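Undergrad: Please find one structure pasted underneath; my questions will follow.
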Amino acid sequence: MRTRPLKVALLGCGVVGSEVARIMTTHADDLAARIGAPVELAGVAVRRPSRVREGIDPSLVTTDATALVKRGDIDVVVEVIGGIEPARTLITTAFEHGASVVSANKALLAQDGAALHAAAEQHGRDLYYEAAVAGAIPLIRPLRESLAGDKVNRVLGIVNGTTNFILDKMDSTGAGYQEALDEATALGYAEADPTADVEGFDAAAKAAILAGIAFHSRVRLDDVYREGMTEVTASDFASAKNMGCTIKLLAICERAGDGGSVTARVHPAMIPLTHPLASVRGAYNAVFVESDASGQLMFYGPGAGGAPTASAVLGDLVAVCRNRLSGATGPGESAYAALPVSGMGDVVTRYHISLDVADKPGVLAQVATVFAEHGVSIDTVRQQGRPEGDGEASLVVVTHRASDASLSGTVEALRKLDTVRGVASIMRVEGE
Ligand SMILES: NC(=O)c1ccc[n+]([C@@H]2O[C@H](COP(=O)([O-])OP(=O)(O)OC[C@H]3O[C@@H](n4cnc5c(N)ncnc54)[C@H](OP(=O)(O)O)[C@@H]3O)[C@@H](O)[C@H]2O)c1
């Protein structure tokens, strides 16, 4: 074993970074044996230097992250600050000064992954980011390496623990969205500002990263269709139950049409209770990968948290250090297929639509005609009079597979009917 240590600069020492530092210390001997050289924490960049950081030598702590990555003797920079800047500049500066980079930064990778990969390649360095998608769950490496000989057709998963916790609570207790969010906040599963999670931004960033790797194409955050889950109601869950389904916030990346393009989307969807994703409870994540030769694979585990995320970071650190010692680099960006990203209109799926309609004869036929005119075939219809006898009824229509464009046209036309008082909810039905 080489005795000269590989030097690691840790940028950020918060939820994830503090666990990375802890594991680097407590597992130092095992890491050295696995890598073939010891790894040494050479510096820790933070924003608030006076904060007590257990297990961290205070002399290593600095607020000057730029000086740390420019030192010239750093082998690997671990970026766990988050956000776009200064993380992006620090990562490119690290490459320029000879370091490889491990990052957990989904927002940055989804926005600027191509440029960062190009910078890594230009300087002959590694860029690894297993922790950026679904915490501890190995996904990037299986897609980049284990499935490199297969053809992935679809990636479908729950990649945000906060929203899964909220939806699971709503499902199991009948709670409304706000009540379930309050509980998630009280238990530390949701941040004080939960926007990134509940509006689907976090899941969309992960979908962009997964789609790019799975389909060997460039997919950016802006390419991902996104709907949050704040509008999901207890009554949507009741409808889902009637259909033998539950509701999950899903990230779905798939080949579109004849396979000449891809789509990436994040939205709440009904999935059958028999689907393995339906049984993913609490804050857990799970991702289904469908490919030509392997068939269906499912990856399951904790998608966030300091230690689970640090596990993925450490796995990358070991890989990058090994590459460093052998003078090689690992897989870089693979975007040779260059498939365009189609809009949501090209997505084909099933739909569950709840309408408030006039409770009088002929309405059902009128509604059915609108669906037929737009080429959307109806699977089932259920009409319920309301107990209060207000002259309205609820009509629940479940369609066969249709394009999102056809469904949008149908809904637009339905809204124009005098007998349709309102479109109470539209939800896609996936996983069948
Ligand atoms: N938390 C998770 O479960 C999880 C899961 C998967 C991926 N990630 C990703 O991991 C990254 C880190 O997340 P986190 O939860 O650990 O964040 P965090 O707890 O907020 O920690 C951020 C760290 O960065 C430091 N920092 C902020 N601005 C800085 C600057 N300008 N220069 C130097 N240091 C700076 C902070 O310093 P102070 O300590 O002085 O404030 C803090 O130590 C993010 O990209 C996140 O998306 C997190």
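The values are calculated or read from the model by the stated rules, or taken from the named source; none is laboratory data. Predicted model only: the values in this text are computed from it and were never measured. Because the Cβ atoms are built from the backbone with ideal geometry, glycine has one as well, and the counts that use them run over all protein chains shown.
Undergrad: Considering every residue within the range 43-57, establish whether at least one is closer than 29 Å to residue 196 by Cα, β-branched (Val, Ile, Thr) and touching a residue at least 60 places away in the same chain (Cβ under 8 Å).
TA: no
Undergrad: Those residues that are free of Cβ contacts under 8 Å to residues at least 12 places away in the same chain and among the β-branched types (Val, Ile, Thr), I need them from the range 144-175; list them, please.
TA: 173
A quick yes/no check of all residues on (1) in a loop (DSSP other than H, G, I, E, B); (2) crowded, with 23+ Cβ neighbours inside 10 Å; (3) among the polar types (S, T, N, Q):
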position	(1), (2), (3)
134	yes, yes, no
144	no, no, no
148	yes, no, no
154	no, no, no
157	no, yes, no
166	no, yes, no
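Undergrad: Please tell me if residue 246 is touching a residue at least 24 places away in the same chain (Cβ under 8 Å), within 21 Å of residue 111 (Cβ to Cβ), buried (at least 20 other Cβ atoms within 10 Å of the Cβ) and not assigned by TED's automatic domain parsing to the domain that holds residue 84.
TA: Answer is no for this residue.
Undergrad: Test residue 113 against the stated conditions and say whether it is in a helix (DSSP H, G or I) and within 9 Å of the ligand (Cβ to nearest atom).
TA: It is false that residue 113 is in a helix (DSSP H, G or I) and within 9 Å of the ligand (Cβ to nearest atom).
Undergrad: Something else: Out of all the residues in the range 283-302, which are part of a loop (DSSP other than H, G, I, E, B) and under 30 Å from residue 25 (Cβ atoms)?
TA: Within the range 283-302, just 283 meets the criteria.
Undergrad: With the condition kept exactly as written, say whether any residue in the range 62-82 is under 17 Å from residue 100 (Cα atoms) and at pLDDT below 95.
TA: Yes: one or more hits.
Undergrad: So is residue 421 in contact (Cβ under 8 Å) with a residue 60 or more places away in the chain and in contact with a Ser or Thr (Cβ under 7 Å, 6 or more places away or on another chain) or not?
TA: No, not satisfied.
Here is a yes/no grid of residues against (1) small (Gly, Ala, Ser); (2) within 18 Å of the chain's Cα centre (by Cα); (3) more than 25 Å from residue 15 (Cβ to Cβ):
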{"position": "180", "(1), (2), (3)": "yes, no, no"}
{"position": "229", "(1), (2), (3)": "no, yes, no"}
{"position": "239", "(1), (2), (3)": "yes, no, yes"}
{"position": "242", "(1), (2), (3)": "no, no, yes"}
{"position": "266", "(1), (2), (3)": "no, yes, no"}
{"position": "270", "(1), (2), (3)": "no, yes, yes"}
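Undergrad: List pairs: first in the range 299-311 and farther than 8 Å from residue 285 by Cα, second near the ligand (Cβ under 7 Å from one of its atoms) and modelled with pLDDT of 95 or more, Cβ under 7 Å, 6+ apart or cross-chain?
TA: Matching pairs, first to second residue: 306/15; 306/16; 309/16; 309/104; 309/131; 310/16.
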